[in-house]
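Accompanying notes for the structure given below.
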DNA sequence: AAAGAAATGAGTGAATATGACGGACTTTGC
DNA sequence: GCAAAGTCCGTCATATTCACTCATTTCTTT
């Protein structure tokens, strides 16, 4: 146990247990593995915490994790087990592209959140307007976290507006990981909401590399607003069963297409 | 008693214990090691202080340190009970100062969080760098919520840095509700950490009215860094048993002193 | 000035917290 | 059903914190 200098500086046991209860209230449920990563302790410690909290009646212990006490009876299948679903594979592949010490910018949406979950314990600087990412990485001491300002958009758990754009003009990062509602057959990246587009454009301006994260369902896809031309992308991470014609179109525009 | 003991080198036990309580209210929790370093005494002394304060009910002793009495998530039984604790009274009084439709800026710290809890269902615009406030108001559809950008400061659950200051320059609000580590006898507002001071100053610049929230334990109080002169405040909300001399000093500087 | 009281810091064995490991158990996919 | 994967629950070694004692310093009282 070499890294125990953390102990004194880090959270107190009781404090961490409060954080567990808070996290469960936010999400409704939490897996042992996820909580361990989020709070930066071992799974054994999380199990002990969950047992203690269960005895106190502050949560309900279930196989694989715990549920919030008042959080209803939703199936636990979703938080439990491995669930190697598409977005997860893409996110894992994307995480491999990041070197320790780098700074990255995470777009809004669940794809970027999946990527954030892969970053626990890594020494990286994360910049984001994604409130779900904030919650996920809030307690990870290893990660330098920077939040862009902006108006809270509850339905998307994101920050938008001129404040967000202005914040982006003050920063520069190595890599942007961009989400999308769909990539059109001609390779143009689209989004479903107009309001996010200026923010995404500002993000592109603030990064050296632009990596688009898009599972197969986004190829080809639609959207009301154009975010950028394919030429502005450095790389696209997607899946083997993504539409080939669109992939070829992207490759032609000089974009490196990586399959997860 | 030697008069010079007051001037910095040595601190009276009672004074130090007040500082501990204040430090906990600011952070929510504190480790024995951290408190010992911060106050310049041995861990043994801190433990004795914590035990004494715990018996007085001024904090909750936990393994490794202590928690603020109202900090974190306590058992539900206590939450539902009648709570007329100091910060709550101050927060309620402060909430009465806000008109529907106004925009307000909330400082970091638990005092501002208490105020945020009073705002549920109100039609107000809330601007903040306080991550605890974000969590509290995140799901309240009625409230327009704006987050300032910045570096995440985990121990204080706040955002700091030039991004935060820059964000503040883009905004203007009706009222700022400011927290503090203590108000000196001459009325100057102090803070315990240097790094927050530029942000607090920028907040003052961004508001028409500046309201200081300070329970009785902050009167008089100390801090390493000066945030502002009393003349920069519009109003102070505190309690009837706050030090009268300090209150008089504030009134003389043209500050309206409101008792909760 | 001297004696007494209170506070402090250091040291020690006991108690608590943590992480790793292995065998028993549960869930999942076939 | 069965096998595989994942999860749990003991146990142990180690690091940290605690309660206690005692000597020293500091403050108060006589």
Quiz item: Between residue A:243 and the same site in the other copies, what are the distances in nm, shortest first, taking label points 7 Å from Cα along the C-beta direction?
Solution: 7.1
Self-check item: Estimated 222 nm signal from helices in chain A, with DSSP H stretches of n ≥ 4 weighted -39500 (n - 2.57), rounded to 500
Solution: -10000 deg cm²/dmol
Quiz prompt | Inter-copy label distances at residue A:141 (7 Å, Cα→Cβ; nm, one decimal) | solution = 4.1
Quiz item: Among B:117, A:218, what is the fewest-to-most ranking by other Cβ atoms within 10 Å?
Solution: B:117, A:218
Quiz prompt | region B:84-259 - percent relative contact order, Cα under 8 Å, separation 6 or more | solution = 20
Self-check item: Computed E for residue A:256/residue A:170 - FRET, C-beta separation, R0 45 angstrom, nearest 0.05
Solution: 0.95
Quiz item: Computed over the Cα atoms of region B:125-260, what is the convex hull's projected area averaged over all directions, in nm²?
Solution: 8.0
Quiz item: By counting other Cβ atoms within 10 Å of each Cβ, how are A:234, B:246 ranked from fewest to most?
Solution: A:234, B:246
Self-check item: Overall dimensions of the protein assembly as shown as given by Cα atoms, namely Rg and Dmax in Å
Solution: 24.5, 87
Quiz item: Fully extended, how many nm does the chain gain between residue A:51 and residue A:248 (0.36 nm per residue separation, minus their Cα-Cα distance)?
Solution: 65.7 nm
Practice problem: For chain B, set up a Gaussian network in which alpha carbons nearer than 10 Å are linked by springs, and say which option among B:93, B:33, B:14 fluctuates the most. | Solution: B:14
Quiz item: What whole-number value in cubic angstrom gives the convex hull volume per residue for the C-alpha atoms of chain A?
Solution: 133
Exercise. Could you tell me what fraction of 2.2 N^0.38 Å the Cα radius of gyration of region B:183-244 comes to, as a two-decimal ratio?
Key: 1.07
Quiz item: At residue A:123, with labels set 7 Å past Cα in the Cβ direction, how many nm apart are the copies from this one, shortest first?
Solution: 5.3
Quiz item: Highest GNM mean-square fluctuation, chain B, Cα pairs closer than 10 Å: which of B:12, B:105, B:24?
Solution: B:12
Quiz item: At what distance in angstrom do the alpha carbon centres of region B:125-171 and region A:180-219 lie from each other?
Solution: 26
Practice problem: Identify which of B:31, B:109, B:57 has the largest mean-square fluctuation in a Gaussian network model of chain B, with springs joining Cα atoms closer than 10 Å. | Solution: B:57
Quiz item: Where Rh is the Kirkwood radius over the Cα pairs of region B:151-198, the temperature 37 °C and the viscosity 0.692 mPa s, what D in µm²/s does Stokes-Einstein return?
Solution: 262
Exercise. Could you list A:124, B:62 in order of exposure, starting from the residue whose Cβ has the fewest other Cβ atoms within 10 Å?
Key: B:62, A:124
Practice problem: Return a whole-number percent for the relative contact order of region B:218-260, with Cα pairs under 8 Å and 6 or more residues apart as the contact set. | Solution: 47
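Since every read-out is calculated from the coordinates, none of them should be taken as a lab result. Everything numeric in this text was worked out from a predicted model, so none of it was measured. Positions of Cβ are backbone-derived with ideal geometry, glycine not excepted, and every protein chain shown enters the neighbour counts.
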